[in-house]
Each structure stands twice: as C-alpha cells, then as structure tokens.
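So the structure is just underneath, and the comments pick up after that.
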Amino acid sequence: MNDDFKNPLALTNDAEAPTLGMSSVYRLFEAFIGLREKNERQHKLFEQTLNRARDSLQSSFNTFAAETQKAYQQMRQEMVGEKKFSLSLLNELLDLAIELDHIVAAKPALAGAGPEGDAVERWMSAIEIQNRKVQDALRKFGIHPYDAAVGTPYNPALHERVGVKRLEGMDALRVAEQVQRGYASQQPEFMLRRPKVLVTE
C-alpha cells in the first residue's frame, strides 16, 4: 500500500520522471518571485520619490506662504503709514483753512481811510482769494463742512461738547447750538473735525 505513494523524485531511472515539467514550474515560480521582488523594489522607489516630491512641495508652499504673509504685512504697514501721513496733511490744510476763515470773518470796515485804507483793502482781498483757493483744495480732497443739526441727539463721535444750554421743550442731551462747524470727508462717519456744540441739560 505504501508503494503507491512513492516519491516521484526518487525515480531517477524512470522515463516518465517529471524533471522537465518540474523545472519549468520552478523557473515559473522563480520568475514570479523575481517579478514580485522587482515590483516591491519599484514600489519602494516610487514611494521614496513621492515622499521627496511631497516634502519639496510642502517646503515650497511653506516658503511661499511665509513670503506672501511678509509681503502683505509690509504692504499693510506702508498703507497705514501713508494713510496717517495723508490724514496729518489734511489736518494741517484744514487748520490753515479754519484760520483763514477767521481772518476773513474779522475783516474791518475801512471806508474812506485814504491810501492806507486802500492798501489794507487790497491786502484783505488777497487773503480772501487765498482762502477761496484753500477751500477749493479741501473740496478737491473730498473734505466738506459738517454742521450739527439743532435738536438731534448728542453723539460724542459726531459732536464736540463745549458747554451746556437750557432750552424749554427740548429733552436732555440734544444739540442746543453749534458754536463752530466741523469738517468731514465724503464718508459721513469719517470726521476730521467734530463741530463744537452746546448740549441741552
């Protein structure tokens, strides 16, 4: 019974020994194993290349993001600096305009004063001309007078309180009188000078 299960490799003299078929199977398995090993090596190589590319892209993106953030911060600082400078310049121009308005408003009457009166009159006319030029410059930059409406609620963002005034029939904390006009830009909420007002008690 044991003779039925003899080892085929032990039959070296038998003509039907499976050496040719077995060697082909072995070669096929060797080729398959070699192919699998080659595939694993290529897969590892591809994975390493992919990781290097990913790391390079991540590094490039991080550098780009950092440089973009730095450029944005620099541009923002420059814009804030320019805005502050422009605002300071507009305030200086506005101070000059207000002072010229006061000078023109205080112009004395010089009727019949002779040659000296004529000279003063010409001088005052020249100041009035300069005042109009300054007012035109303000309008060109979008600066316009801003008057407080009597009876409206007092708002510290829009009005500068310089005193109080009692008015019959008006609630407390309302604009009772404008002492000096203010100035604003084209945007109503952007006040260069708040109007000076008296507020009801």
- Item | Output for region 177-200, where each listed residue is assigned to a loop (DSSP other than H, G, I, E, B) and touching an Asp or Glu at 6+ places or on another chain (Cβ under 9 Å) | R181, R194, P195
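Among what's in region 116-146 and is over 18 Å from G182 (Cα atoms) and among the polar types (S, T, N, Q), pick the residue that is farthest from the chain's Cα centre (by Cα).
The first filter runs over region 116-146 and keeps only residues over 18 Å from G182 (Cα atoms), leaving 116-130, 133.
Remaining after also requiring among the polar types (S, T, N, Q): 125, 130.
Values: S125: 47, Q130: 38 Å.
Selected residue: S125.
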- Which one is nearest to F190 (Cα to Cα) among residues in region 128-176 that are part of a loop (DSSP other than H, G, I, E, B) and of a type in the set (G, A, S)? A157
- Message: On the basis of being assigned by TED's automatic domain parsing to the domain that holds K83, surrounded by 14 or more Cβ atoms within 10 Å (Cβ to Cβ), touching a Leu at 6+ places or on another chain (Cβ under 7 Å) and assigned to a helix (DSSP H, G or I), does V104 make the cut?
- Response: no
- Message: Could you check region 121-149 and list, in sequence order, the residues that are without any contact (Cβ under 8 Å) to a residue 12 or more places away in the chain and surrounded by 14 or more Cβ atoms within 10 Å (Cβ to Cβ)?
- Response: E121
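The values are calculated or read from the model by the stated rules, or taken from the named source; none is laboratory data. All figures in this text were calculated on a predicted structure; none of them were measured in a lab. Note: ideal-geometry Cβ built from the backbone for every residue, glycine included; neighbour counts use all protein chains shown.
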